[in-house]
Each structure stands twice: as structure tokens, then as C-alpha cells.
1. Examine segment 195-211 for a residue that is within 27 Å of Tyr64 (Cα to Cα) and more than 16 Å from the ligand (Cβ to nearest atom), and state whether such a residue exists.
2. With the condition kept exactly as written, say whether any residue in segment 101-117 is open to solvent by less than 10 Å² (accessible area, probe 1.4 Å) and away from the ligand (no atom under 13 Å from the Cβ).
3. Among the residues of segment 79-89, count how many are within 16 Å of the ligand (Cβ to nearest atom) and either farther than 17 Å from Glu260 by Cα or crowded, with 21+ Cβ neighbours inside 10 Å (or both).
4. Return the pair list, or none, for Cβ contacts closer than 8 Å from residues in segment 109-127 that are touching a residue at least 40 places away in the same chain (Cβ under 8 Å) and among the charged types (D, E, K, R) to residues that are part of a helix (DSSP H, G or I) and more than 9 Å from the ligand (Cβ to nearest atom), at least 6 apart or on different chains.
5. Only residues that are touching a Leu at 6+ places or on another chain (Cβ under 8 Å) and assigned to a strand (DSSP E or B): list them for segment 275-306, please.
6. Checking the condition open to solvent by less than 10 Å² (accessible area, probe 1.4 Å) and part of a helix (DSSP H, G or I), which residue from Leu137, Leu92, Leu143 passes?
7. Considering only residues of segment 226-248 that are assigned to a helix (DSSP H, G or I) and of a type outside the set (A, V, I, L, M), which is farthest from the chain's Cα centre (by Cα)?
8. In segment 56-75, what residues are away from the ligand (no atom under 14 Å from the Cβ) and assigned to a helix (DSSP H, G or I)?
Amino acid sequence: MVKSEYEGYSAGQQSIPLRENFGTAQLYAQNAQSVLNKATGFISAYDFTLNPYRGCQYGCSYCYAAAFSPNSEMRQDWGNWVIIKKNAAEILKKELQSWYKKNPDSSPSIYMSSVTDPYQPIETKEQLTRHLLEVMLPYQPTLVIQTRSPMITRDVDILQQFQRLRVNMSIPTGSEKVRKDFEPKSPSIPARLQAITKLRYSFPYRENCEVRFSITVTPLLPTLPEDEANFISKLEVVDRVVIQDFHASNARSLIASTREEALALKQKYAWWYNSEQQSYRKFKNKLIAMLPGVEIMEGKEGFGYE
Ligand code: SF4
């Protein structure tokens, strides 16, 4: 039965409440009008963003994507709801066909995903991201996948067939203690490092294929001094490490901004945040010194495919 609002929240578009939870999240299903959306702002170098879900179960305290929630109540409750774009695979196929009709000699570049994690827990059940990869494969777009989930290794069989692929694994801190404060529902750091290492070595050399791997330490969170050297040394596995400050905070909706929850947590890490610029610079210099074979990039440029 289609309802005119998100059950449990006061306003919104038409949705199907699935009457089930997955972990702590309330699930909804919707048909999307379009799934390839023009990439703007931070990732404007791409043709499109592709978000299989709206909302994200990881609910990271600093997540700027909360600003794009359907209403203010859901923005406040970020991490506790997910909208599944049920028809995403079908729509994607149509949109790719339409692209190639207009641009027969050029493949699009796609960033998956900008406002959700394509491998959040519900993906184990829905397999929507996997279906999208299957749809994209014959079209061979330039594809960048941004995730913090080891679940991406499940799809290595499909990923191996892309010719222009970059996998960005998000690991904003080298300390589990810090992760549990800023993103308590996300996978552990050792699990993420293990996953990106496994992926990195799962791609046999193929001529004319450009497969690349990044670790995005974004937003750069504190790493405890006792964890720092070990963490940095493990980043050697990828060809690029990206660092970046927090997004500026903004109370208005529809503006990417760091959530209050993260701003409050900064107080707990005053030893890092009291001289934030200096902490950032010191960390960056250590990356450069300890990872001579790795590209160290900052901000927008770091998120490009090239
Ligand atoms: S995983 Fe990404 S999209 Fe999801 S809550 Fe965390 S920062 Fe936001």
C-alpha cells in the first residue's frame, strides 16, 4: 500500500513503508524518476552521481548528506531510516541507453555514491548496488565507488570486469576509539583496511584497464599518537590517499554541512582540535614522509578519477 508520507515521520513524498526494520533503521521503498543525477559542487568533474539509496544506516556524526533528507525530522534522525530506490536498475539502464544515443563515442563518468553508502547493511539483503553494477558493466562507464564497507569485496567478480574503475575506501581515523565516537555504527578500521587490501590484490593486470585504489581520510579525524605510525604504514596499499577538513557547519537544509553531533565531539578531542590547522598539517607531512610511493591529495582534486 502506497502512503503519502513516511510512516513515523510527519511529511514527505509518496513511499511504501515496508513495515520492517533492518538493524535500527526504518525502511521505505520508492520508485525513482531518475538515478543518474548531474554531478555538481565537490564532484563536478563527473558527469553523474548514482545513489542506490536515500539515507544511510551508518549515520556518521559528521555526515553532510543529512542536509538532503526529505524533511527536518528525518534530518535530525539521520542514520535511522533508508529509502530503497526499488526501480533503480531498470531506470539506470534506460538512462545509459539514452546517454549513448546522444554520445555514441564517449562513456559517462559516474560517482557512486555522493549522499549514501552503496554498501550499507541493507545492501546485503537488497543487492541493489550489485544490480546497478551488472547494468553498468556492458556500458563501461568510468566508475568511482565510494564506501566504508568491506561488503564491497562481495562484488569483486563484477568489479574486475570494469576497465576504468577507482575504489575509494573511506577511513577517516586510524583509531578505533575515535571511530566509535564519530561513527559508532560503521565497520571497524581493521575490517576496512583488510577489505581494500584484498581488493587491491584481486585485480589481475589487464591491458587497457585502469583500476585504481584510494583511501579517503575524510574528514580527517584525530588518530591517537599510539596508533598513528601503524595506521599510516597500512595506507601504503593504495595509490592515493586523500585528506580534507570537515565541511563548514550550516543549520540550513540542502546545504552540505557538518552535523552538530560531530561539532560536540570535537570538544572531547581538544588536544587535536584546539590547533586544528596545525594537526592537519602535521598529519599531512607525516603522510608525505612515510608514503613516498603514494599520491597525497587534498579536497576536491583527491575525489577525481584521474
Ligand atoms: S557512510 Fe557516508 S553517507 Fe553514510 S552516514 Fe557515513 S558519511 Fe554519510
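The values are calculated or read from the model by the stated rules, or taken from the named source; none is laboratory data. On a predicted model such as this, the values are computed, not experimentally measured, just so you know. Methodologically, a virtual Cβ is constructed for each residue, glycine included, from the backbone with ideal geometry; neighbour enumeration extends over all protein chains shown. Note: areas computed on protein heavy atoms with side chains; ligands, DNA, RNA excluded. Shrake-Rupley method; radii C 1.70, N 1.55, O 1.52, S 1.80 Å.
1. If we filter segment 195-211 for residues that are within 27 Å of Tyr64 (Cα to Cα), which is where we start, we get 195-196.
Then keep just the ones that are more than 16 Å from the ligand (Cβ to nearest atom); that gives none.
No, there is no match, as no residue in segment 195-211 is within 27 Å of Tyr64 (Cα to Cα) and more than 16 Å from the ligand (Cβ to nearest atom).
2. So far as segment 101-117 goes, yes, one or more of its residues are open to solvent by less than 10 Å² (accessible area, probe 1.4 Å) and away from the ligand (no atom under 13 Å from the Cβ).
3. Filtering segment 79-89 for residues within 16 Å of the ligand (Cβ to nearest atom) gives 79-85.
Now narrow it down to the ones that are either farther than 17 Å from Glu260 by Cα or crowded, with 21+ Cβ neighbours inside 10 Å (or both): 79, 81-85.
Result for segment 79-89: 6.
4. Glu123/Thr129; Glu123/Arg130; Glu123/Met151
5. The answer is Ile296, and nothing else.
6. Details: Leu137 fails: open to solvent by less than 10 Å² (accessible area, probe 1.4 Å); Leu143 fails: part of a helix (DSSP H, G or I).
After applying the criteria, what remains is Leu92.
7. Looking only at segment 226-248, we keep the residues that are assigned to a helix (DSSP H, G or I), and these are 226-237.
Those still in the list that are of a type outside the set (A, V, I, L, M) too: 226-228, 230-231, 233-234, 236.
On the way: Glu226: 27, Asp227: 24, Glu228: 23, Asn230: 24, Phe231: 20, Ser233: 23, Lys234: 20, Glu236: 21 Å.
So, considering only residues that are assigned to a helix (DSSP H, G or I) and of a type outside the set (A, V, I, L, M), the one farthest from the chain's Cα centre (by Cα) is Glu226.
8. So in segment 56-75, the residues away from the ligand (no atom under 14 Å from the Cβ) come out as 70-73.
Result: Ser72, Glu73.
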